[in-house]
């Protein structure tokens, strides 16, 4: 990779239940890139709040977003591409993560479909009761942001094919 082309980092974003982890896992497997589950970087206090059904504040999210940015910077500094999951609901949150080589993949879905998926999910700290607060917080990608939207209702293999096609069409290097 040339000095002028930073490694690619895909930020798989969207509200809880949109399928971020599933899509990220498929893409990491196909591309051979490292994968960081953003939820694993939440401090214990954040997890406790979410488990209790209490929405996170910006103050709660900022240290978490800083850890995700540190992961992105460390990967790129080593010359390695990667994938990280992160709700990245607001433009201001994405602004913390953005840098050359970062591409946002927004998994977007209807409230009905997302609630149904959350209802089937087992073993996750994020309760379905927080879906509405996440949807209220969500700011879609702006036209000037680097990335694109994928329908969360698509089968995961089809969603992954769309991401890979977008990367190819935009000349984004897909080697590790």
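With the checklist (1) modelled with pLDDT under 90; (2) within 17 Å of residue 107 (Cβ to Cβ) in hand, flag the one item residue 36 doesn't pass. For residue 36, the failing item is (1). Within the range 151-161, is even one residue part of a strand (DSSP E or B), farther than 13 Å from residue 15 by Cα, touching a helix residue (DSSP H, G or I) at 6+ places or on another chain (Cβ under 6 Å) and at pLDDT 95 or above? Within the range 151-161, not a single residue is part of a strand (DSSP E or B), farther than 13 Å from residue 15 by Cα, touching a helix residue (DSSP H, G or I) at 6+ places or on another chain (Cβ under 6 Å) and at pLDDT 95 or above. Of all the numbered requirements in (1) modelled with pLDDT of 95 or more; (2) within 14 Å of residue 6 (Cα to Cα); (3) more than 14 Å from the chain's Cα centre (by Cα), residue 98 misses one, and that requirement is (3).
Okay, residues lined up against (1) part of a loop (DSSP other than H, G, I, E, B); (2) at pLDDT 90 or above; (3) under 16 Å from the mean Cα position of the chain (by Cα); (4) more than 17 Å from residue 88 (Cα to Cα):
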{"position": "7", "(1), (2), (3), (4)": "yes, yes, no, yes"}
{"position": "10", "(1), (2), (3), (4)": "no, yes, yes, no"}
{"position": "18", "(1), (2), (3), (4)": "yes, no, yes, no"}
{"position": "25", "(1), (2), (3), (4)": "no, yes, yes, yes"}
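Against the conditions (1) without any contact (Cβ under 8 Å) to a residue 60 or more places away in the chain; (2) closer than 23 Å to residue 140 by Cβ, residue 46 satisfies every one except (2). Checking the structure you have, find out if any residue of the range 54-71 is touching a strand residue (DSSP E or B) at 6+ places or on another chain (Cβ under 7 Å) and buried (at least 16 other Cβ atoms within 10 Å of the Cβ). Checked the range 54-71: at least one residue is touching a strand residue (DSSP E or B) at 6+ places or on another chain (Cβ under 7 Å) and buried (at least 16 other Cβ atoms within 10 Å of the Cβ). Residues that are over 28 Å from residue 114 (Cβ atoms) and touching a residue at least 40 places away in the same chain (Cβ under 8 Å) within the range 154-176 comprise 173, 174, 175, 176, listed in sequence order.
Which residues, taken from the range 72-93, are touching a helix residue (DSSP H, G or I) at 6+ places or on another chain (Cβ under 8 Å) and closer than 19 Å to residue 172 by Cβ? Residues satisfying the conditions are 72, 81, 82, 83, 84, 85, 86, 88. Just one of the listed residues (79, 29) is free of Cβ contacts under 8 Å to residues at least 24 places away in the same chain, exposed (fewer than 15 other Cβ atoms within 10 Å of the Cβ) and not in a strand (DSSP E or B), namely 29. Across the range 94-101, not a single residue is classified as closer than 16 Å to residue 149 by Cα, assigned to a helix (DSSP H, G or I) and in contact with a helix residue (DSSP H, G or I) (Cβ under 6 Å, 6 or more places away or on another chain).
The values are calculated or read from the model by the stated rules, or taken from the named source; none is laboratory data. Just so you know, these numbers come straight off a predicted model, no measurement behind them. Quick reminder, even Gly has a Cβ in these numbers, built from the backbone with ideal geometry, and neighbours come from all protein chains shown.
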